[in-house]
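Comments concern the structure below.
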Amino acid sequence: MSVFDAKTYNIDTNDTKDTVLQNLRRNIDKERIFRFETSTDKPFKGSLEGDRFKIQRITNYRSSFVPFIDGQISQRSYGTNIKVKIYINPFVQIFMAIWILLLVGFVGMIILTSLSNMIALIAIPALIIIALIGISSGDGIRKEREKSENLLYNIINSSKAFDPVYKIPSD
């Protein structure tokens, strides 16, 4: 599974659907065009309509890798089930793919041409490719995804003891 792929999983809780909805309402701020660092103490922005939500974690830094989270809440006999889909902005995925393809093509053209000073011509694109490989390997994306998943889990289960080290099971 690539870090760019959407991840779908379920969160089960013994709390009622109303309790889960109340926990989410307390922690989701409305989507705003301009957001200032001190404008809210809520960890997520987005919408909660009926039994569905679409949210994104609020950060005090700019990161295109902060994932979107879609969820559907349903009451079960044992409590509540929340079906969660977490994904990276599709425009970020397209942008990364285009950059990687352009850089690979550029390096390929340099290698195919027999220029005398190849080292100077390869150095800059090679450094960019190394940076992109690091980004696309998922460390930044994976950390942002884990932060959002763990925060959502703790909000949904906030009537229980806070568990800051809970890890969402990986696929």
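The values are calculated or read from the model by the stated rules, or taken from the named source; none is laboratory data. From a predicted model like this one, the values you see are computed outputs, not experimental measurements. Cβ sites come from the backbone with ideal geometry, for glycine too, and all protein chains shown count toward neighbours. For the accessible areas, the whole protein counts, side chains as well, though only heavy atoms, and no ligand, DNA or RNA atoms are used. Shrake-Rupley method; radii C 1.70, N 1.55, O 1.52, S 1.80 Å.
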- [ ] Return the total of residues in the range 49-64 being assigned to a loop (DSSP other than H, G, I, E, B) and touching a residue at least 24 places away in the same chain (Cβ under 8 Å).
- [x] 4
- [ ] Any residue in the range 18-37 that's of a type in the set (Ser, Thr, Tyr): show its pairings with residues that are modelled with pLDDT of 90 or more at Cβ separation under 8 Å, as long as the two are six or more apart or on different chains.
- [x] 19/80
- [ ] Take the range 47-86 and flag every residue that is open to solvent by less than 30 Å² (accessible area, probe 1.4 Å) and of a type in the set (Lys, Arg).
- [x] 57
Open item on the list: I'd like to know if the range 87-99 contains one or more residues that are open to solvent by 40 Å² or more (accessible area, probe 1.4 Å) and at pLDDT 90 or above.
Closed with: no
